[in-house]
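Notes follow the structure.
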Amino acid sequence: MSEFLKKIKIYFELSKVAPISRRYFVMNGFDGAMIILGIVIGAYLAGTSNPIWIITTGLGASVAMGLSGFYGAYATEEAERIRTLNNLEKSMLKKLDKSIIGRAGKFATVWVALIDGLSPFFIAIISLIPFIFSILGFIPVVHAIYFSMGITLFILFLLGIFLGKISKKNIIISGIKMLLVGLILTLISFVFKLVA
Amino acid sequence: MLHYDNTHVDKMIRRLVLDVLKPHNPDKIELSKKLSGLKGVDGVNIITIEIDKDVENVKIIMEGPDIHFNTIKKIIEDFGGAIHSIDGVAAGKKLIEDVRTPQDVSTTFLR
């Protein structure tokens with residue numbers, strides 16, 4: 001196991017994949033949170049009282065985001081990695097796809113694709129948990145909507161904190177900035193409702 | 001292959017000097033760690049000869065009681081490198097150093 005972990009560590013260092021995956025994690029996690037927030041607020045404003053409807057829509061959207069994230073990141077990252085490897089092969093005058101450099105590139109492609117696909121998917125699933133409680137009859141659907149909105153806004157705040165930690169700036173301000181974007185979405189949705 | 005009567009010495013490589021072209025990454029530190037961790041290798045010295053944009057030309061010197069060339073070659077190739085030439089080999093029971101001969105002295109003098 002330690003041999004395997006050592007190998008993974010070398011691949012991480014060689015492919016310099018950590019900052020890329022951090023970027024993808026926040027970017028797509030943010031997307032996932034915002035989409036679920038939009039769906040939940042939309043359902044609330046439309047006056048739906050069916051939690052199954054919200055869960056089904058939310059799951060559909062999260063699977064779509066997960067798949068699009070996975071394949072989108074896989075294809076773009078693979079293209080970039082092949083290009084970099086080709087340039088290095090030209091300098092070395094030999095094929096490098098079977099060397100540790102080629103293997104690290106392949107690992108980085110799959111890793112980035114997984115991060116990009118799973119981050120919006122899991123964030124969406126977490127935001128939808130209150131509706132499962134609502135289906136089971138523990139809480140009314142309106143409460144589930146409030147809880148879900150709260151969880152999603154909290155996730156946005158956490159993503160902001162994560163970014164603040166990376167940039168070593170004030171984490172609370174960074175978190176509030178992200179939270180504000182979620183609140184703006186909420187506000188716009190309510191304005192739409194008023195206009196309609 | 002020729003067979004001689006007095007070849008009962010250990011067929012061990014004790015010192016190896018290689019001219020290698022390798023990408024910058026994995027770096028010399030990683031390569032030296034990997035090579036020096038091998039069985040039969042006591043020490044490794046990697047020196048940069050020339051640096052290019054993506055690749056570097058290095059001299060790898062290895063000493064040890066039993067250096068396995070094929071293993072070394074495999075590792076260097078796995079690290080993306082290529083052995084350009086074998087610049088020096090010392091093998092046998094004892095490590096033999098280079099000796100200066102009168103011819104060398106006279107050549108130096110002429111220079």
Pseudo-spin-label distance residue A:27 to residue B:27, built 7 Å along Cα→Cβ, given in nm, is 2.7
Straight-line reach check, residue A:177, cutoff 21 Å on alpha carbons, 8 or more apart in-chain or any other chain, hits among lysines -> A:165, A:168, A:169
Rounded to the nearest 0.05, FRET efficiency between residue A:165 and residue A:95 (Cβ-Cβ, R0 45 Å) equals 0.65
The answer for the longest stretch of chain A without any exposed trypsin sites (Lys or Arg not before Pro) (DSSP loop, at most 12 further Cβ atoms within 10 Å) is A:17-94
Reduced to Cα centres, the span from the range A:56-114 to the range A:1-50 in Å works out to 16
So for R0 = 30 Å, FRET eff. of residue B:83-residue A:67 from the Cβ-Cβ r, to 0.05, ends up at 0.10
Any aspartates and glutamates whose Cα falls less than 20 Å from that of residue B:73, other than same-chain ones fewer than 8 residues away, would be A:89, A:97, B:19, B:27, B:30, B:42, B:56, B:63, B:87
Checked the range B:9-111 against the a/c 1.5 cut and the a/b vs b/c comparison, axes a ≥ b ≥ c from its Cα gyration tensor; verdict oblate
Here, residue A:187 and residue B:66, labelled 7 Å along Cα→Cβ, have an inter-label distance in nm of 7.6
Here, residue A:173 and residue A:53, labelled 7 Å along Cα→Cβ, have an inter-label distance in nm of 4.4
With -39,500 (n - 2.57) per DSSP H segment of 4 or more residues and division by the full residue count of chain A, the 222 nm estimate, nearest 500 deg cm²/dmol, is -32000 deg cm²/dmol
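Bear in mind that the values in this text are calculations on the coordinates, not laboratory data. Predicted model, so just to flag it, every value in this text is computed and none were measured. All Cβ positions, even for glycine, are placed from backbone atoms using ideal geometry, and neighbour counts span all protein chains on display.
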